[in-house]
Amino acid sequence: MTIEKHQHVVNISRGLVFNEGDQSLPGEAIETKTVGQVTVDSPVISARHVNVHYGEKQAIKDVSIDVAKNAVIAFIGPSGCGKSTFLRCLNRMNDTIANAKVSGSIRLDGSDIYDRSQDIVQLRARVGMVFQKPNPFPKSIYENVAYGPKIHGLAGNRADLDEIVQLSLRKAGLWEEVKDRLDNPGTGLSGGQQQRLCIARAIAVDPEVILMDEPCSALDPIATAKVEDLIDELRENYAIVIVTHNMQQAARVSQRTAYFHLGDLIEVGPTEQIFTNPRHRLTEDYITGRFG
Amino acid sequence: MIVVILLLASIAFQWAKHRAISLVGGTRGIRNLHSLPAYYGMYVALWCALPALAVLGVWHLFGDRVVIGMVLAQMPLAFQNLPADQAGLLLNDLRNVVAGAIPMDTVRPEIVAAAHHWQQLNAQSAVAGGLLALSVAIIVGVLALRTVRSDLRARNRVEKMAEWALLASSGIAVLTTVGILASVLYEAIHFFHFVSPIDFLFGTTWSPQMAMRDDQVGSSGAFGAVPLFAGTLLIALIALVVSVPVGLFSAIFLAEYAVRSVRTVIKPLLEILAGIPTVVYGFFAALTVGPLLRDFGVSVGLTVASESALSAGLVMGVMIIPFISSIADDMITAVPQSLRDGAYALGATRSETIRNVVLPAALPGIVGGVLLAASRAIGETMIVVMAAGLSANLTANPFQAVTTVTVQIATLLVGDSEFDSPKTLAAFALGLVLFFATLVLNVIALKVVRKYREQYD
């Protein structure tokens, strides 16, 4: 992030900003308190007052939001707005980054995932993740999917494991394409197939939540359409959080949308309302393409 | 002479550069030149220097022979019709006189005369060669200068020459290998005239002492190399058993667990191991490890020779640790973070991630490193000479003294030896086998490493 943007961050935290994108007068105060309904009934994840610091820099500022069961929530916002950072807080992937500090509370089914007693292995078994770039292991397709169940001891015997692998590949819509070549390396598949393999790998451990960090940004439109259909189907069984730069995609796949801006959560609401009738000016500016 | 030619070339460089600039009417017209002026300079300078240097080189190579021929032709007839060996002696005498190693007044007058003649011819030859090279430089340089025109594709030509120079340098390495192989092969074939390859490769007795004279009491000489191969393999195996786990584990620690400050201290320290001369390792093995093992053996009731395969193997293992740890560390660090993230996101612990994802992805590279270390272990001589002894035992017992191929080569060629006895020539046959063994290992290592590149992505 450039110094210029960094100063911008400081300004916002004081509640004062002059945004290059709109035509308002300099010095006009812009409210950065979250607009809209952040809570849902019976959330699977509820985050409250989450702050993330990378060293001196604050990447996430006092974000509170719920993730609902059996629904897709999309995180949108300009680059560097903290949406990926926040996503990675939800399964503690930021733990691998030195000097990242998380405060606030994130509860998964009521228990704090940053609590000392929380085992990170179990957490990640319950909150799976799919990455921006497909990252299948350099193993066979079968081994890729079977890896999670193996390390968590989910399958008692080979037959169980076969079944889990088949089921996961079916759910990921990949079974028909790969059933005859399960022993081929996963890295030999096309980009879209690899990403669906990674989704199959994530759902093989039967998580409650699947986090997706721009899962389609490395894919062509046809593969993207397949993954989007898949996300819609997966909603029946899982809560899904998807970070995307593609606003059409957010509109297509999600039920709720959250707009992040420079570390603040600006607005949360039903996707339709966010895209047709945003209540915050920053959201509106972003959606209508005035900046970002 | 070479300095003069280079001086000429640099003058030609300036001249051609200015000529190129003046051709297009000063520095403003440079864009009308096909290439930058310096390329024209370089082009003419190369033409000026290279043919002249070539002439000089050829003159030096063959001039001496012509001079010798002329000297011999001038000598009295009695000297011209000597048998080959005496002619060689005479020539050596002459050479020494000319070089001043033998005082003039101690040799026969004919030789003194010939030596004077030789010196004279030498001086003439040097002057003639120099003049020829100089004139070649000037003539070719001027011709090249005349070809300088604004549309001369000087840049392309100079770069073509640079390409040839690069090719020549890589050719030197290849030719050296071919040359070494050829000489070893030649002597080895010579050896196989005395001893059949089957006896050599499959015989189990190694005792290369031959009777040099008919009246001498000596063993008949047996050249079964199996004990040597076995000894080599045994020691290399012990070395690998030590170095592979230690090297690999330290690489895993350095790449995955160590914090940066620890890593910056440990890594260079490990690599210092690679810088210790093998002689130092050798006496460490012979004077420290060997007796230590023997005493330890006594205390637990084992018979350990003070020169044993074990002590040599252990110390050699320590020596090749940095090869393995350094390559493995690079390979593990090269595994993309995204693969680790993928495993972590599935709930894998750090050790599971390393065992199941990182190591398999890095494995081919690590195997390549191990094979390189193995060929290093097989080729190692000094430690074995000092710590494992010279006796060619065919044994799998690491507590006994064994010997290796390289050690035998060294001992066979040390001291006075004649090049028509199988004892000396056996060294070349052993060298040939060793060459092929390490070559095969290296080829396998390269293949594995190449395969590794296709692994992820």
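The values are calculated or read from the model by the stated rules, or taken from the named source; none is laboratory data. On a predicted model such as this, the values are computed, not experimentally measured, just so you know. Note that each Cβ is placed from the backbone with ideal geometry, even for glycine, and that neighbours are counted across all protein chains shown. Only protein heavy atoms, including side chains, enter the accessible area calculation; ligands, DNA and RNA are left aside. Shrake-Rupley method; radii C 1.70, N 1.55, O 1.52, S 1.80 Å.
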>> Just to be sure before I move on: is B:SER135 surrounded by 12 or more Cβ atoms within 10 Å (Cβ to Cβ), at pLDDT below 80 and under 30 Å from B:HIS18 (Cβ atoms) in the structure I sent?
In response: no
> Looking at segment A:152-163, which of the residues that are within 13 Å of another protein chain (Cβ to nearest Cβ) and within 22 Å of A:LEU234 (Cβ to Cβ) is surrounded by the most Cβ atoms within 10 Å (Cβ to Cβ)?
Replying inline: A:HIS152
> Which of the residues belonging to segment A:200-214 are away from chain B (no Cβ under 12 Å) and touching a Ser or Thr at 6+ places or on another chain (Cβ under 9 Å)?
Replying inline: A:GLU214
> Which residue out of A:SER111, A:SER168 is small (Gly, Ala, Ser) and more than 17 Å from B:ALA345 (Cα to Cα)?
Replying inline: A:SER111
>> I need the full set of residues from segment B:348-360 which are within 7 Å of chain A (Cβ to nearest Cβ), buried (at least 20 other Cβ atoms within 10 Å of the Cβ) and in a helix (DSSP H, G or I), in order please.
In response: B:VAL357
> Which of (1) farther than 24 Å from A:VAL268 by Cα; (2) of a type outside the set (Ser, Thr, Tyr); (3) at pLDDT 90 or above; (4) touching a helix residue (DSSP H, G or I) at 6+ places or on another chain (Cβ under 6 Å) does A:ALA100 not meet, given it meets every other one?
Replying inline: (3)
>> Tally up the residues in segment B:107-137 that are aliphatic (A, V, I, L, M) and within 30 Å of B:CYS48 (Cα to Cα), please.
In response: 11
> Only one of (1) under 28 Å from A:ASP206 (Cα atoms); (2) away from chain B (no Cβ under 14 Å); (3) without any contact (Cβ under 8 Å) to a residue 60 or more places away in the chain fails for A:HIS49. Which number is that?
Replying inline: (1)
> Considering segment B:1-56 alone, what residues qualify as being assigned to a helix (DSSP H, G or I) and of a type in the set (S, T, N, Q)?
Replying inline: B:SER10, B:GLN14, B:SER22, B:THR27, B:ASN32
>> Which pairs turn up if I take residues in segment A:71-95 that are in a helix (DSSP H, G or I) and look for partners that are of a type in the set (Phe, Trp, Tyr) and open to solvent by 10 Å² or more (accessible area, probe 1.4 Å) with beta carbon separation below 7 Å, at least 6 apart in sequence or on another chain?
In response: A:MET93/B:TYR344
> Hey, among A:LEU167, A:LEU197, A:LEU189, A:LEU182, which residue is more than 10 Å from chain B (Cβ to nearest Cβ) and open to solvent by 60 Å² or more (accessible area, probe 1.4 Å)?
Replying inline: A:LEU167
>> Take the conditions away from chain A (no Cβ under 14 Å), in contact with a Leu (Cβ under 9 Å, 6 or more places away or on another chain) and surrounded by 17 or more Cβ atoms within 10 Å (Cβ to Cβ) and apply them to B:LEU371. Does it pass?
In response: yes
>> Consider segment A:52-67. How many of its residues are touching a residue at least 40 places away in the same chain (Cβ under 8 Å), surrounded by fewer than 18 Cβ atoms within 10 Å (Cβ to Cβ) and either of a type in the set (Phe, Trp, Tyr) or farther than 11 Å from A:GLY263 by Cα (or both)?
In response: 3
>> If I go through segment B:201-259 residue by residue, how many of them are in a loop (DSSP other than H, G, I, E, B) and either modelled with pLDDT under 75 or not hydroxyl-bearing (Ser, Thr, Tyr) (or both)?
In response: 19
> Before we move on, is A:ASN135 within 14 Å of chain B (Cβ to nearest Cβ), open to solvent by less than 20 Å² (accessible area, probe 1.4 Å) and part of a loop (DSSP other than H, G, I, E, B)?
Replying inline: yes
> Looking at segment A:118-132, which of its residues are touching a Pro at 6+ places or on another chain (Cβ under 9 Å), within 8 Å of chain B (Cβ to nearest Cβ) and either without any contact (Cβ under 8 Å) to a residue 60 or more places away in the chain or surrounded by fewer than 18 Cβ atoms within 10 Å (Cβ to Cβ) (or both)?
Replying inline: A:ARG124
> For segment B:299-347, how many residues are touching a Phe, Trp or Tyr at 6+ places or on another chain (Cβ under 8 Å), within 14 Å of chain A (Cβ to nearest Cβ) and assigned to a loop (DSSP other than H, G, I, E, B)?
Replying inline: 3
